[in-house]
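**Student:** Structure in structure tokens, see below.
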Amino acid sequence: NRLRTAEDRAAEGEAERQHRLEQDRLRTAEDRAAEGEAERQHRLEQDRLRTAEDRAAEGEAERQHRRELDRQHTAECRASESETVHMHRLDVQRQRQSQRRTAEAADEHDLRLHAQADRRRDRLLKLAHQPHVLGRMDRQCPHCGALRWNDEPASICCHSGK
């Protein structure tokens, strides 16, 4: 049966595929509208378990690929969202974060703050040990002929010929 389905899908055109997908979406929407809260919770739990199993079985390359696709999808969604949707999403994030922090115990709070401090320290140490490359001093001032680095403003030597 799976082989026949795969053959049918390989043979279908784009219009047929879109029609099939739309029918699937409608059928799923009807099923979900008809399910009760207990059924919904059971379905969501089964989804969580299946996802956890799939992720436990995936290799590092698969994981990186999945995460990259997720990043691309998120970037596309956020690029196309309206200002209202953007603000709503940020409000929801703030509410969730506030709820999590309210619910966390004192020791969890301390651990979170220490972890943040450790990450901040690690970032600063990493930045402190990175050399800054100025590049070549080959940009010439059009007014006085002084040489300067690429990132220096043109007016630093003679204030633009003044």
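**Student:** Which residue, of 134, 111, is out of contact with any Cys (no Cβ under 6 Å at 6 or more places or on another chain), aliphatic (A, V, I, L, M) and assigned to a helix (DSSP H, G or I)?
**Tutor:** Values: 134 fails: assigned to a helix (DSSP H, G or I).
After applying the criteria, what remains is 111.
**Student:** What are the pairs with Cβ atoms under 7 angstrom where one residue, in the stretch 125-154, is among the aromatic types (Phe, Trp, Tyr) and the other, located anywhere, is surrounded by 10 or more Cβ atoms within 10 Å (Cβ to Cβ) and not in a loop (DSSP other than H, G, I, E, B)? Sequence gap at least six, or different chains.
**Tutor:** Every condition considered, the pairs that remain are 149/139.
**Student:** Looking only at the stretch 46-74, which residues are surrounded by fewer than 11 Cβ atoms within 10 Å (Cβ to Cβ) and within 14 Å of the chain's Cα centre (by Cα)? Please lay out each step first, then the result.
**Tutor:** Here is the first cut: in the stretch 46-74, the ones surrounded by fewer than 11 Cβ atoms within 10 Å (Cβ to Cβ) are 46-53, 56-57, 59-61, 67-74.
Matches in the stretch 46-74: 67, 68, 69, 70, 71, 72, 73, 74.
**Student:** What's the number of the condition residue 152 fails, among (1) exposed (fewer than 10 other Cβ atoms within 10 Å of the Cβ); (2) assigned to a loop (DSSP other than H, G, I, E, B)?
**Tutor:** The single condition residue 152 does not satisfy is (1).
**Student:** Ok, one more. With 157, 77 as the choices, which residue is surrounded by 10 or more Cβ atoms within 10 Å (Cβ to Cβ) and over 26 Å from the mean Cα position of the chain (by Cα)? Don't jump to the end; show me each part of the working.
**Tutor:** On the way: 77 fails: over 26 Å from the mean Cα position of the chain (by Cα).
Only one candidate qualifies: 157.
**Student:** Name the one entry in 133, 92 that is surrounded by 10 or more Cβ atoms within 10 Å (Cβ to Cβ) and of a type in the set (Val, Ile, Thr). Walk me through it before giving the result.
**Tutor:** Numbers: 133 fails: surrounded by 10 or more Cβ atoms within 10 Å (Cβ to Cβ).
None of the other options fit; the residue is 92.
**Student:** Can you find a residue that is over 26 Å from residue 32 (Cβ atoms) and free of Cβ contacts under 8 Å to residues at least 60 places away in the same chain anywhere in the stretch 74-81? Reasoning before the result, please.
**Tutor:** Looking only at the stretch 74-81, we keep the residues that are over 26 Å from residue 32 (Cβ atoms), and these are 75, 79.
Filter once more, keeping what is free of Cβ contacts under 8 Å to residues at least 60 places away in the same chain: 75, 79.
Checking the stretch 74-81: at least one residue is over 26 Å from residue 32 (Cβ atoms) and free of Cβ contacts under 8 Å to residues at least 60 places away in the same chain.
Read the figures in this text as sums done on the coordinates, not as results from a lab. Computed from a predicted structure; not experimentally measured. Here the Cβ is made from the backbone with ideal geometry for all residues, glycine too, and neighbour counts use every protein chain on show.
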